[in-house]
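Heads up, the thing below is written out as structure tokens.
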Amino acid sequence: MQPAGGSPLIELKDVKVYFKKGSIFGKRKLIKALDGVSMKVNFKEKVAIVGETGSGKTTLGRVVVGLQRPTSGEVTAYFNGYPVNPYSLKGRAKKEYFKNAGMVYQDPYSAIDPLMRVRDVLRIPLLYAGIKGEEADKRIKEVMSRVSLSEEYLSYYVFQLSGGQRQRLVIARALLFNPKLLVADEPVSMLDASLKGDILDLLNSVNSDMGVSVLMVTHELAVAKVFAQRIHVLYLGKIMESANSEEFFSNPLHPYTQLLLAASPDLKHLRTIPEIPLKKVSEIPSSANIPPGCRFHTRCPFAFDKCIKEEPPLKEVKEGHEVACWLR
Ligand code: SF4
């Protein structure tokens, strides 16, 4: 049974990912990359996770795609209509899981060996899955056509492709097994402005024509605005605000969201962005040293006593609009 549109494809509940990291003095620090994240991606939905470097958004993408086992919390995938914990799978069942969840990496220059031929980039994963001969050729042609790369490129080496063509090839490889979910980690951040729109259009068509859900990880709110139906803002491993795109940009409520919007040159025209005093705005703290209380209080221009002592929960302030701030 296939899940219907609007029903969850993958769901995270209170997911934490902690790492221990050594230092030159031999002390081991606890890095809290994710610190209690609950969210879901619905069937055929486009979701964006937005945050600065160090917010934990790439770790979140890796948890969803099955590459990063959580320290605690639940991950449940409904790819075939029934619930499965991907981290309990072994052997063949695990391989099947990876076919359903494809990954598009940030840097098309390091995602694929530049000395490989394009045909081999696509042929080898199929071979590992036992697909060869005519069936493999058919799939390769299908994904090349899907990403609008002419078949003549199959004989090219990867280093002969442009940045945009490489990212199309990365997406083609992620589509080889007809996945139900793509996790796209900063898919346009390394591309020229002229190519960004092309790749976003391609991901849009993958979603609308193939019914593939897309979870996009991005630091650019402008990219999330043109792409996503639902947006989550992540800060030091926790979701600060979550809403559908229209509500998010017409009624941003969390001071951190307002700060990100105010810092986005492409979104300065939005009248909904309140003035944010800049004097307290500084760099994101380390996830090895998360501030107590509201973790945003060291940068928040509106912080008051309670913010330093108690952590605000993520609560629904309007249907479908959640905010973690004592002022809401
Ligand atoms: Fe700012 Fe306090 Fe709200 Fe945190 S809880 S965002 S510190 S006002």
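The values are calculated or read from the model by the stated rules, or taken from the named source; none is laboratory data. None of these values were measured; they are calculated from a predicted model. All Cβ positions, even for glycine, are placed from backbone atoms using ideal geometry, and neighbour counts span all protein chains on display. Calculation scope for accessible area: heavy atoms of the full protein, side chains included, ligands and nucleic acids excluded. Shrake-Rupley method; radii C 1.70, N 1.55, O 1.52, S 1.80 Å.
Numerical summary
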| quantity | calculated |
| --- | --- |
| Residue check, LYS225 touching a residue at least 24 places away in the same chain (Cβ under 8 Å) and either more than 28 Å from GLU135 (Cα to Cα) or among the β-branched types (Val, Ile, Thr) (or both) | yes |
| All positions within the stretch 312-328 that are in a loop (DSSP other than H, G, I, E, B), more than 8 Å from the ligand (Cβ to nearest atom) and within 14 Å of TYR235 (Cβ to Cβ) | LEU314 |
| Verdict on HIS232 being at pLDDT 95 or above and touching a strand residue (DSSP E or B) at 6+ places or on another chain (Cβ under 9 Å) | yes |
| The lone exception for TYR109 - which of (1) within 23 Å of ILE171 (Cα to Cα); (2) in contact with a strand residue (DSSP E or B) (Cβ under 7 Å, 6 or more places away or on another chain); (3) open to solvent by 30 Å² or more (accessible area, probe 1.4 Å) it fails | (2) |
| Whichever residue in the stretch 61-87 is polar (S, T, N, Q) and part of a strand (DSSP E or B) and, among such residues, is most open to solvent (accessible area, probe 1.4 Å) | SER72 |
| Selection from the stretch 117-134 of residues that are open to solvent by 50 Å² or more (accessible area, probe 1.4 Å) and touching a residue at least 24 places away in the same chain (Cβ under 8 Å) | ARG117, ARG119 |
| Test: LYS309 is within 14 Å of the ligand (Cβ to nearest atom), at pLDDT 90 or above, surrounded by fewer than 12 Cβ atoms within 10 Å (Cβ to Cβ) and farther than 18 Å from GLY237 by Cα | yes |
| The stretch 296-310 residues that are part of a helix (DSSP H, G or I), paired with ones that are more than 8 Å from the ligand (Cβ to nearest atom) and open to solvent by 80 Å² or more (accessible area, probe 1.4 Å) (beta carbon under 8 Å, 6 or more apart) | ILE308/PRO292; LYS309/PRO292 |
| Hey, VAL147 free of Cβ contacts under 8 Å to residues at least 60 places away in the same chain, within 19 Å of ILE112 (Cα to Cα) and crowded, with 20+ Cβ neighbours inside 10 Å or not | yes |
| Residue in the stretch 135-143 that is open to solvent by less than 70 Å² (accessible area, probe 1.4 Å) and either over 28 Å from the mean Cα position of the chain (by Cα) or touching a residue at least 40 places away in the same chain (Cβ under 8 Å) (or both) present | yes |
| Segments classed as helices (runs of 4 or more DSSP H), wholly inside the stretch 151-259, with at least 2 members that are open to solvent by 30 Å² or more (accessible area, probe 1.4 Å), of a type in the set (Ser, Thr, Tyr) and farther than 27 Å from CYS294 by Cα | 193-210 |
| Subset of the stretch 103-138 [farther than 30 Å from ASP192 by Cβ and of a type in the set (Lys, Arg)] | LYS132, LYS138 |
